[in-house]
Structure formats: structure tokens, C-alpha cells
Amino acid sequence: NAGVMQNPRHLVRRRGQEARLRCSPMKGHSHVYWYRQLPEEGLKFMVYLQKENIIDESGMPKERFSAEFPKEGPSILRIQQVVRGDSAAYFCASSPVLAGTTSSYNEQFFGPGTRLTVL
Amino acid sequence: GESVGLHLPTLSVQEGDNSIINCAYSNSASDYFIWYKQESGKGPQFIIDIRSNMDKRQGQRVTVLLNKTVKHLSLQIAATQPGDSAVYFCAEKIQGGKLIFGQGTELSVKP
């Protein structure tokens, strides 16, 4: 039973280029979350998606960042025109919807992260 | 505002001793709390969780205590081992989905 998969694990981009980060949730999980972690800091929430829907994007920068979770395929976090300040580790987590529970109690399983370096 | 913070940024313990990592949270509406362990270069790994209607929960060698009166969360690790060395984060879940993480405490276990 594979865990959350993220690729690439390391990504180097020059300023102004686009970065695409992919996340495949655990089998059977329909909720995906993206977090960003700067060095020596905790993870900061960015966006919460279900299949084909953005549920909460309150942590996403208003410009250059977008996320999707299509009906088929992985979730994509896209950063356009990257700047040095975008350099960070980006983590994806997934959770199931357990029958009879609210989403509040669903454990989030994290992937290994994508480390983005902007030169 | 929303914030989850830790009292100690680093903790060094002797192998075999017990470790206690503390966390303060600020949102009274949070109903679910989780402790994660993060090793270098890896994603956070779930350790233990607790709902707001509980004040204590035990796992294998770990115990989480929740004090809602003072908005305090702690993680106790019994008989700490070198493999426990990592950064530990507390997180609270509010508004249904997102987690709010604390800054992290680095636990170093001396053999």
C-alpha cells in the first residue's frame, strides 16, 4: 500500500520559470492538502482540495500560485514566474473520508516533499 | 489570531530518559491536535493525536496531554532512543481541514 507520492523530489528553477509539483494521494484518499515549509520553520497551510474542487485556499498567495486536483491523475501545485523567496520544501498530505466521522478527525498522511530551489 | 507555538526550540536528553515536548496553542475552537515527527529530508510522520474532548491519550512509548484551560499540549516520550532524534511539531486542526503547525522542537538524544 503505497503512501503519498510526490515528484519531483528536488526541483531547480531559475527566476521567472514555472514550477510544477505533483502529488499522488494514498489509494482511496479523496482529500489533498498542500503545505510549504521554509528552513527552520513549521509547515504553513496553502490549499485544501477534493477531487475537482478547491475547498480552502486561504493560505495560497494571491498571485502566481495555483492548485488543482483533477478527476483523474495527481494533484498539481503550479508556481508561475518563480522568485527566490519561493525556495522551500512543499509537502502534500492526503486523508480519507471515513464514514460516520467528520473531516476534522481524519489523519493527514504526508508525502516526502518536493524541495524547490530558485536560482 | 491563529498560532501554535512551542516553549522550547531544542531539547537534548540522555538515551533512556523520558522526554517532554511542550506546545501552546491559541485557538479555543480547535477540536483536534496532532503530534508529528520530522526527520531530516523527510515529510512529517504522524505520532499520536487527541481530540478536544479528551485530556490524555497513550500510544506506544508516547503520551499526549491536553490542557484546554491553559491551551497547552505536551508530548511525552518514554525511554527515549537515538531513533527518536528529530524535529517534533504540534498541529491543531480548525475549520474542518487545514492544520496549523507550531514552529518545531528539535530533540537530540545522546547515547
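Observations
- Segment B:32-50, residues that are within 9 Å of another protein chain (Cβ to nearest Cβ), part of a loop (DSSP other than H, G, I, E, B) and surrounded by fewer than 16 Cβ atoms within 10 Å (Cβ to Cβ): B:G41, B:K42
- Output for segment B:88-99, where each listed residue is buried (at least 20 other Cβ atoms within 10 Å of the Cβ) and either over 18 Å from B:S52 (Cα atoms) or more than 7 Å from every other protein chain (Cβ to nearest Cβ) (or both): B:Y88, B:C90, B:A91, B:E92
- Residue-level check: of (1) closer than 25 Å to A:L38 by Cβ; (2) polar (S, T, N, Q); (3) without any contact (Cβ under 8 Å) to a residue 12 or more places away in the chain, B:S85 misses just (3).
- Here B:Q76 qualifies as touching a residue at least 12 places away in the same chain (Cβ under 8 Å) and away from every other protein chain (no Cβ under 11 Å).
Here, each number is a calculation from the coordinates, and none is a lab measurement. Model, not experiment: these values are computed from the prediction. As a convention, Cβ positions derive from the backbone with ideal geometry for all residues, glycine included, and neighbour counts pool all protein chains shown.
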